[in-house]
Amino acid sequence: MATGQLFSRTTQALFYNYKQLPIQRMLDFDFLCGRETPSVAGIINPGSEGFQKLFFGQEEIAIPVHATIEAASAAHPTADVFINFASFRSAAASSMSALKQPTIRVVAIIAEGVPESDAKQLIAYARANNKVVIGPATVGGIQAGAFKIGDTAGTIDNIIHCKLYRPGSVGFVSKSGGMSNELYNSIARVTDGIYEGIAIGGDVFPGSTLSDHVLRFNNIPQVKMIVVLGELGGRDEYSLVEALKQGKVTKPVVAWVSGTCATLFKSEVQFGHAGAKSGGDMESAQGKNQALREAGAVVPTSYEAFETSIKETFDKLIEAGKITPVKEFTPPQIPEDLSFAIKSGKVRAPTHIISTISDDRGEEPCYAGVPMSSIIEKGFGVGDVISLLWFKRSLPRYCTQFIEICIMLCADHGPCVSGAHNTIVTARAGKDLVSSLVSGLLTIGPRFGGAIDDAARYFKDAHDRGLTPYEFVEGMKKKGIRVAGIGHRIKNRDNKDKRVELLQKFARTHFPSVKYMEYAVQVETYTLTKANNLVLNVDGAIGSLFLDLLAGSGMFTKQEIDEIVEIGYLNGLFVLARSIGLIGHTFDQKRLKQPLYRHPWEDVLYTK
């Protein structure tokens, strides 16, 4: 492996398996370092394409999303780092696919638990093709002031505290990602900071070793000293021992192998990483520390003395004139995300939507303050749910029963009415359910099913003003307005609408008052003197009875009743009900596999 620097200020990566937070942290680091271009060139989300919006400083940018590794590599030929956030189940396959792309030079595998046989294949392929694998089970790596992988070094506050926004003089390599953050902090306290840091990962077979990166650091002129943090288990540290003995590493190395406490346990102990398990004296922390010390590395007597050893080595290099202290500067401030700023109480922002009928923020959704579990436990029906979501209160049972009866009676009125006809024609044209449903719903209006609100509005106004049926009807006639809720294409005096009779019977039995319905019946009596088909239709019955429901329940003010009628609540009842039938007609036509509808010529009057 050897060679030298892995990353630079122009390095760009492809990010596999979209994760918003680590990508945003990479972009924030870019901005902090003063990069001109984002370090994430593209995102690979298997099966998805498009863009993801993220922030590059104050500016919102769109990063391309690709469905395959091959497509992303072709679209971004300068992106030579592949950051793999796939699960351990698919990490090996996707990493191998990335390694086979000619543009990819470095692959970082974040997942823990990648099968060892797969890891060995990745390592063999990478070495044979002069490519670098960092991981598996790694947090990644960072070149201070230039580029970082995913969540490396944690939050922006930690990065600033560790002076990672500009390069220092220390090359650092560790097995542990978590301990890397601790060492970045320690190194920043006693030196001018790190130049490059790598966490190789804690699995038994890492894609690159401690010595691989130490030898790289030895070839980077800006790296003046090297810090190594190993751990018990495995024999990776001994390759570094051999490199030191052979004189391949010419820069000072300060090293410590953690896990010395393992000797305190009577039986063998498995520590956090898969590879952190001592298999004998050579794999013990004590054995490795002694071997490194004898090979020429600076090895402290304990982890507590590690920082002091780093400081002493750094100070000697300054005294020898080999390190020129870095000129410090204040990095730019990263704009804080609005969501975090609101949570911390730093800013206040207006909301964009107001909702008073439901809330999904708790453990379970609530309708008008009533938890979903209560709705089920209390045996609420559709009428109860409508009362909560439409009227924001729990209406008496007779009211919700009436709502349910209206829905049942208005669900369908055969295939010949305009709404059903439109739906049938659309379904037979091969359109989907939503298109077929909407085509039928669009016919609802003052001439078909949409007269409930108008009927309620006119009946209420006439009744409340004390108009006689004669005064009401004739007054409407003079204005050129037809009386909503009166008249039917088929029904007449001798064949009244059965639905109207059922609604009236229920209301007379259960409603405390039916004054508006009785007024509508009086109007019907007068209009029947004019024509045999001017009967009270279902729109008029529902409209007048809903007025009685609202007024008689005692739960609504006059202003609220007027608002309900004006907004269109009552027509909403017809829309909801008729949707059931229109959906049924759609399914019926598709089940019957009916062909495209064409209206017959003989049913059209062709005229000039």
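The values are calculated or read from the model by the stated rules, or taken from the named source; none is laboratory data. Keep in mind that this is a model prediction, so the values were computed, not measured. Note: ideal-geometry Cβ built from the backbone for every residue, glycine included; neighbour counts use all protein chains shown. The protein model used for the area step is the full one, side chains on, heavy atoms only, and it has no ligands, DNA or RNA in it. Shrake-Rupley method; radii C 1.70, N 1.55, O 1.52, S 1.80 Å.
Table: residues versus (1) part of a helix (DSSP H, G or I); (2) open to solvent by less than 20 Å² (accessible area, probe 1.4 Å); (3) among the hydroxyl-bearing types (Ser, Thr, Tyr).
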position: 531; (1), (2), (3): no, no, no
position: 581; (1), (2), (3): yes, yes, no
position: 584; (1), (2), (3): yes, no, no
position: 587; (1), (2), (3): yes, no, no
Can you tell me how many residues in region 324-364 are at pLDDT 95 or above and open to solvent by less than 60 Å² (accessible area, probe 1.4 Å)?
2
Look through region 405-450, keep the residues that are basic (Lys, Arg) and out of contact with any helix residue (DSSP H, G or I) (no Cβ under 7 Å at 6 or more places or on another chain), and return whichever of them is modelled with the lowest pLDDT.
447
Residues satisfying the stated conditions in region 417-433, i.e. of a type in the set (A, V, I, L, M), within 15 Å of residue 591 (Cβ to Cβ) and in contact with a His (Cβ under 9 Å, 6 or more places away or on another chain)
424, 427
Take region 292-323 and flag every residue that is polar (S, T, N, Q) and open to solvent by 70 Å² or more (accessible area, probe 1.4 Å).
301, 308
Which one is nearest to residue 597 (Cα to Cα) among residues in region 427-445 that are open to solvent by 30 Å² or more (accessible area, probe 1.4 Å) and without any contact (Cβ under 8 Å) to a residue 24 or more places away in the chain?
431
One residue from 62, 41 being open to solvent by 10 Å² or more (accessible area, probe 1.4 Å), outside any helix (DSSP H, G or I), closer than 29 Å to residue 213 by Cβ and of a type in the set (A, V, I, L, M, F, W, C)
41
Restricting the first residue to region 163-175 and requiring it to be assigned by the TED database to the domain that holds residue 35 and farther than 16 Å from residue 324 by Cα, which pairs with a second residue that is at pLDDT below 95 and of a type in the set (D, E, K, R) meet a Cβ separation below 6 Å and a spacing of at least six or different chains?
175/231
So, in region 478-493, how many residues would count as being more than 20 Å from residue 450 (Cα to Cα) and either free of Cβ contacts under 8 Å to residues at least 24 places away in the same chain or outside the structural domain of residue 516 (by the TED database) (or both)?
2
Top-ranked residue in region 151-187 [being open to solvent by 40 Å² or more (accessible area, probe 1.4 Å) and of a type in the set (A, V, I, L, M, F, W, C); ranked as nearest to residue 35 (Cα to Cα)]
160
Has region 302-324 got at least one residue that is farther than 20 Å from residue 188 by Cα, in contact (Cβ under 8 Å) with a residue 40 or more places away in the chain, in the same structural domain as residue 184 (by the TED database) and not in a helix (DSSP H, G or I)?
no
Can you go through 15, 29, 88, 51 and tell me which one is outside any loop (DSSP other than H, G, I, E, B), surrounded by fewer than 19 Cβ atoms within 10 Å (Cβ to Cβ) and aromatic (Phe, Trp, Tyr)?
51
Considering only region 122-150, state which residues are open to solvent by 10 Å² or more (accessible area, probe 1.4 Å) and on the phi > 0 side of the Ramachandran plot.
130, 137
All conditions in (1) of a type outside the set (Gly, Ala, Ser); (2) under 20 Å from residue 517 (Cβ atoms); (3) part of a loop (DSSP other than H, G, I, E, B) are true of residue 415 except (2)
Please determine, by comparing only the residues of region 188-204 that are in a helix (DSSP H, G or I) and out of contact with any Phe, Trp or Tyr (no Cβ under 9 Å at 6 or more places or on another chain), which one is surrounded by the fewest Cβ atoms within 10 Å (Cβ to Cβ).
189
Only one residue in 386, 405, 376 is part of a helix (DSSP H, G or I), of a type in the set (A, V, I, L, M, F, W, C) and open to solvent by less than 30 Å² (accessible area, probe 1.4 Å). Which one?
386
Tally, over region 213-225, of residues that are under 42 Å from the mean Cα position of the chain (by Cα) and crowded, with 24+ Cβ neighbours inside 10 Å
3
Only one of (1) touching a residue at least 60 places away in the same chain (Cβ under 8 Å); (2) in the same structural domain as residue 126 (by the TED database); (3) open to solvent by 10 Å² or more (accessible area, probe 1.4 Å); (4) touching a strand residue (DSSP E or B) at 6+ places or on another chain (Cβ under 9 Å) does not apply to residue 3, and that is (2)
Scan region 446-480 for residues that are open to solvent by 30 Å² or more (accessible area, probe 1.4 Å) and assigned to a loop (DSSP other than H, G, I, E, B) and jot them down.
446, 447, 465, 466, 467, 468, 480
Return the pair list, or none, for Cβ contacts closer than 6 Å from residues in region 511-537 that are in contact (Cβ under 8 Å) with a residue 24 or more places away in the chain and aliphatic (A, V, I, L, M) to residues that are assigned to a loop (DSSP other than H, G, I, E, B) and open to solvent by less than 30 Å² (accessible area, probe 1.4 Å), at least 6 apart or on different chains.
534/487; 534/528
Answer with yes or no whether residue 75 is buried (at least 19 other Cβ atoms within 10 Å of the Cβ) and closer than 23 Å to residue 44 by Cβ.
no
State yes or no: is residue 568 farther than 30 Å from residue 393 by Cα, among the small types (Gly, Ala, Ser) and either modelled with pLDDT of 95 or more or within 48 Å of the chain's Cα centre (by Cα) (or both)?
no
